[in-house]
Each structure stands twice: as C-alpha cells, then as structure tokens.
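Engineer: The following block contains the structure, expressed as structure tokens.
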Amino acid sequence: MKAIPHPIQYQGSKRNLAPIILRYFPKGINRLVEPFAGSAAISVATAAKGLAKKFWVNDLNQPLAELLNLVAEKPEELGAFYEQLWNQQHPNSIDHFYRVREEFNRTQDPRLFLYLLARCVKGSVRYNSDGVLNQSPDKRRQGTRPETMRKNIMGVARLLRGKAGVTSLDYREVFKTVGQTDLIYMDPPYQGVCGNRDARYYSGISHEGFIEALEELTARKLLFIISYDGRRGDKTFGEFLPDSLDMTRIELEAGRSSQSTLLGLHEVTFESLYLSRALTERLNFKPSNYQKSVDQPVVRMERSGVKSIHTNTSHPFYRLLLQ
Ligand SMILES: C[S@@+](CC[C@H](N)C(=O)[O-])C[C@H]1O[C@@H](n2cnc3c(N)ncnc32)[C@H](O)[C@@H]1O
C-alpha cells in the first residue's frame, strides 16, 4: 500500500499504530467518527484503506479542527500559504517562529498552527494555564519542506475531500448524535493529569465524566473503540476502564518510549485498546476463540514494525488464540 500522508505533526499521533488498530474495525463502516481526532491519523488511514464511506472529525481545539478542514477542502491554498511562511523564516528561523507564535496566539489562524506544529519537536505543542501556546521551536530543524508538506496535504485531501465533516465540539456533544451505523474511534488526552488541564493538549478530560458518557454509549449498543492508558515496563499510567462497561481490552505493544531510549533502558510502552460489546459481537469475537490468559504475551502480530500482543493483567480479559 502507498505511504499514508500525514501533513500534521502531532504528539500522540496514532499514525504508527493505525495498521494494528484498523484490524479491529468491522467491514462496511458507514461513517467513522473521531471525537478526539488530533491529527486525524486514524480517519486518514481508514480512508486510505477504503474502510468507511464518510467521516466525522472532531477536536475541541478549534484551530486544529479548522486546520483539518483546510487540509481536506482547501489543500492548494494551504500548501501555498505554508510555502510562503516557511520561506520567510530565513535567515533567522528562531525569531521567525516566535513572531508566528505571537501572531497565532493573537489570531488563532489555523494556517499558522500548521507551521508551528511542523517547527516544534514531534508536534509537541504546550499550553499555559490560559490556553496560550508557549512551546519553543526545534533548534536543529527547519520544519517539513514545502514540497513534502504540499504532497502530504494533497494526499489527505484526495482521501477526505467531500467525505469529512469537521467540528470543534466537546466529545459529549458528539456522543449525542452518533448512531447505530457509525464506528466511533476515541483517543482521549492521556490520563494522569489533574482536573481538566493538560499542558500537552489544549484540554484534558475527567476520567469519571468519560466513564459516565461511555456508559450511555454502551446502553445504546453502539460500536466503539477506545485507546486508553499506557504501561511502560511495570509502570501503568492511568486507570483501566471498569468492568461494568463490558468491553474487551487488548494490549498493543507501541514500541520503546523516546525517554527510555535516551536513558538506554529497554522498557517498552504498551497501549490498551478497548472494544465495545456491540463491536465484539459484530466482529464475531466469540469467547470460544479465546482462552483465559496466563501472564505471558502469546500472540504477536507484526506489521509495519508494530507488534500487537494480548497479555494478562489483573483486569479480566482474554487472549486471542490465532488459529
Ligand atoms: C491523544 S490526542 C488525539 C491524537 C490522535 N489520535 C492522532 O492520531 O493525532 C487527544 C485530543 O483530544 C482533544 N480533546 C481534549 N479534550 C477534548 C474534549 N473535551 N472534547 C473533544 N476533544 C478533546 C485534544 O485537543 C487532543 O487533540
């Protein structure tokens, strides 16, 4: 398959895990809904594989949502704007970054956001408590070259143009209008931050509020998938989703964290993927295909350098026996 385009550098992007996550998507999705879209990596990968007819891409971060809309609907203009802005950074690209950042904080212009994301390390935006973007530039790189950016933008536009509705709502608003023919893929902000603040994103969410909202989706028997929490080595970040939601949890091996690589450690990061009951039924995920797990990873599916493993923790779930 051709490389999947990715114009928007974004921390926590699911670009590399997309091939594994998509394995759990049912066939014939009418509409894929991403309430916490970020860079919309999963929508883009789903469109590239022809797995859904339509898309609803949502993120509370308004300039980000507007940027996604421009990528899909006005790719030529966006590519030209980026090229101009990128070329203006010479001879002093650091000063230029700070000037653009100041203008972005004043105007919230999504086209400036694209440049800022391309200029900071791994798209790692940071916000202060007033929601002001305060990340500094990557001093060693100049950001994606305009011709590469244009190719990526055009690639996404070819996949999503005319097929994607983009909004900037709180996820609970999105939940109100999703229905039986949708597949909802959720990748909320990381846990382990206090209250609703998360410097890594425009906003965090409360775990309890999220569970409550999920209970309702479960009662409505909707098809949904959630990427949630993380575990590195023996450390678990955040909480599991409760058994009352009756979801199946699968662990994905997401590779080594950049921090442990720097420290020369061999810790591997794991991510949980939860499938709703209605989805496991639709996928025919029968208990007879599974057995209660022991404590070792037994199933490894390797694809694009990403491994998926199913293993046991104190949380009851099943390991897949590949036959
Ligand atoms: C982990 S990131 C998603 C990354 C995405 N899967 C990707 O591949 O780029 C979580 C996103 O949720 C958004 N967010 C935070 N609170 C939200 C809320 N209440 N409703 C909707 N989106 C929210 C953040 O702005 C952030 O972009």
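Just so you know, all these numbers are worked out from the coordinates, no wet-lab data involved. This one's a predicted model, so the numbers in the text were calculated from it and none came from an experiment. Neighbour counts are summed over all protein chains in view; Cβ atoms, including those assigned to glycine, are modelled from backbone coordinates with ideal geometry.
Engineer: Compute the semi-axes of the equivalent ellipsoid of region 1-227, taking the square root of 5 times each eigenvalue of the Cα gyration tensor, and list them largest first in whole Å.
Structural biologist: Equivalent ellipsoid semi-axes, largest first: 30, 21, 14 Å.
Engineer: Sticking with the crude label model, points 7 Å out along Cα→Cβ, report the distance from residue 103 to residue 124 in nm, one decimal please.
Structural biologist: Those two pseudo-labels are separated by 2.7 nm.
Engineer: I've got another one for you. Given R₀ = 45 Å, what would the calculated FRET efficiency be for residue 80 paired with residue 246, taking r from the Cβ atoms and rounding to 0.05?
Structural biologist: 0.35
Engineer: OK, next. Full extension from residue 220 to residue 163: what is 0.36 nm times the residue separation minus their Cα-Cα distance, to one decimal in nm?
Structural biologist: 18.0 nm is the gain from fully extending residue 220 to residue 163.
Engineer: Turning to a different aspect of this structure: Looking at this model, which pairs from 2/151; 14/54; 14/122; 27/122 are more than 21 angstrom apart at the alpha-carbon?
Structural biologist: 27/122
Engineer: So, one more: If one computes the Cα centroid of region 10-66 and of region 137-180, what distance in Å separates the two points?
Structural biologist: Comparing the Cα centres of region 10-66 and region 137-180, I get a distance of 9 Å.
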